[in-house]
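In what follows, a structure is listed as structure tokens, so that the remarks can point back to it.
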Amino acid sequence: MTTSVAAVRELYRFRELVANLVSRELKVRYKRSYLGMIWTMLNPLLQMSIYTIVFSSVMRFDMRGYPVFLLSGLLPWMFMHQSVSQSVPSLLGNAGLIRKIRLPKAVFPISVVASNLVNFGFSLAPLVLILLVTGTPITPAFAFLPLSILVLVMFTAGLSMLASSLTVFFRDIAHLIEVFFSLWFYLTPIIYREDVIPEQYRMLIHYNPARHFVAIFRGPIFEGSLPSLSSFTWALGLATGSLLLGWAVFHWNDRRYIHYL
């Protein structure tokens, strides 16, 4: 316990390095791009448009306010997916720096999550635009969103540290992660309501942890009400468990990374 607390304190001492890594990550991501960070706002809108056309027009999936429903599920999912996927090679990609300088290695996956959190903040702009265009009311429940985002960040940070740590020893994770997230996406009620799933398959949805994080973000936006106590309790418990597990695995392997990088 003492060593874990010391490791957290050391990570805090390197907060300026995390900020610099976030800045570097954002600059590299949009280098030589004419639109730059505007893509952060365009990407969710383009995905929303494609899914809306496919499910509303082609597949005749009729639902009032579907663009708001869809976007309020896509945004938290995209944040989690991109954060974890980009964290997977974060230690391997910084192997040279890790060999030369003594620093808390957790700064690398944490900085990836932080940079995607910045993108997440910008991506809320198209969400507000869609709300205004569709006439969806912005209710007092929106004040709950910062708490929803905090819980989502905790869950994502834990997964990111876990994935980046294990990838050092099992390189196949880098190849399997996208397959895993593709399957996980369709098992999560993002593009569909839970009640359209046949009864015999709802068990797959019911035990899917991601549904709770979508629910606590979507509730204040689409339904205009606070998420259910059950969803928030599950999300908070899963987020806490993910963060503790991710940190424990990452910290336990800290001295071993240098031999595998």
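Being crowded, with 16+ Cβ neighbours inside 10 Å, at pLDDT 80 or above and in contact with a helix residue (DSSP H, G or I) (Cβ under 6 Å, 6 or more places away or on another chain), is that true of even one residue in segment 53-63? Before the answer, list the steps.
Taking segment 53-63 as the starting set, the residues that turn out to be crowded, with 16+ Cβ neighbours inside 10 Å are 55, 61.
Filter again for at pLDDT 80 or above, leaving none.
No, segment 53-63 contains no residue that is crowded, with 16+ Cβ neighbours inside 10 Å, at pLDDT 80 or above and in contact with a helix residue (DSSP H, G or I) (Cβ under 6 Å, 6 or more places away or on another chain).
Which of the helices (runs of 4 or more DSSP H) contained wholly in segment 142-261 include at least 1 residues that are under 17 Å from the mean Cα position of the chain (by Cα) and surrounded by 12 or more Cβ atoms within 10 Å (Cβ to Cβ)?
Answer list for segment 142-261: 145-169, 173-186, 210-218, 229-252.
Tell me yes or no: at least one residue of segment 129-138 is closer than 22 Å to Ala239 by Cβ and surrounded by 14 or more Cβ atoms within 10 Å (Cβ to Cβ). Can you show your working first?
Of all residues in segment 129-138, those closer than 22 Å to Ala239 by Cβ come to none.
No, every residue in segment 129-138 fails to be closer than 22 Å to Ala239 by Cβ and surrounded by 14 or more Cβ atoms within 10 Å (Cβ to Cβ).
Among Glu194, Glu199, Glu178, Glu223, which is of a type in the set (Asp, Glu) and closer than 30 Å to Ser90 by Cα?
Exactly one of Glu194, Glu199, Glu178, Glu223 is of a type in the set (Asp, Glu) and closer than 30 Å to Ser90 by Cα, namely Glu178.
Just one of the numbered conditions (1) under 30 Å from His175 (Cβ atoms); (2) modelled with pLDDT under 75; (3) assigned to a loop (DSSP other than H, G, I, E, B) is not true of Pro104; which one?
(2)
Which one is nearest to Ser115 (Cα to Cα) among residues in segment 1-26 that are over 20 Å from the mean Cα position of the chain (by Cα) and at pLDDT below 70?
Among them, the one singled out is Ser4.
What about Arg218, is it over 27 Å from Val107 (Cα atoms) and without any contact (Cβ under 8 Å) to a residue 40 or more places away in the chain?
On the way: over 27 Å from Val107 (Cα atoms): yes; without any contact (Cβ under 8 Å) to a residue 40 or more places away in the chain: no.
For Arg218, the condition - over 27 Å from Val107 (Cα atoms) and without any contact (Cβ under 8 Å) to a residue 40 or more places away in the chain - is not met.
I'm told Val112 meets every condition in (1) within 16 Å of Arg24 (Cα to Cα); (2) touching a Gly at 6+ places or on another chain (Cβ under 9 Å); (3) among the β-branched types (Val, Ile, Thr) except one. Can you identify the failing condition by its number?
(2)
Would it be correct to say that Ser123 is modelled with pLDDT of 95 or more and either under 12 Å from the mean Cα position of the chain (by Cα) or not charged (D, E, K, R) (or both)?
No.
The values are calculated or read from the model by the stated rules, or taken from the named source; none is laboratory data. Everything numeric in this text was worked out from a predicted model, so none of it was measured. Positions of Cβ are generated from backbone atoms using ideal geometry, with glycine treated the same way; all protein chains shown enter the neighbour counts.
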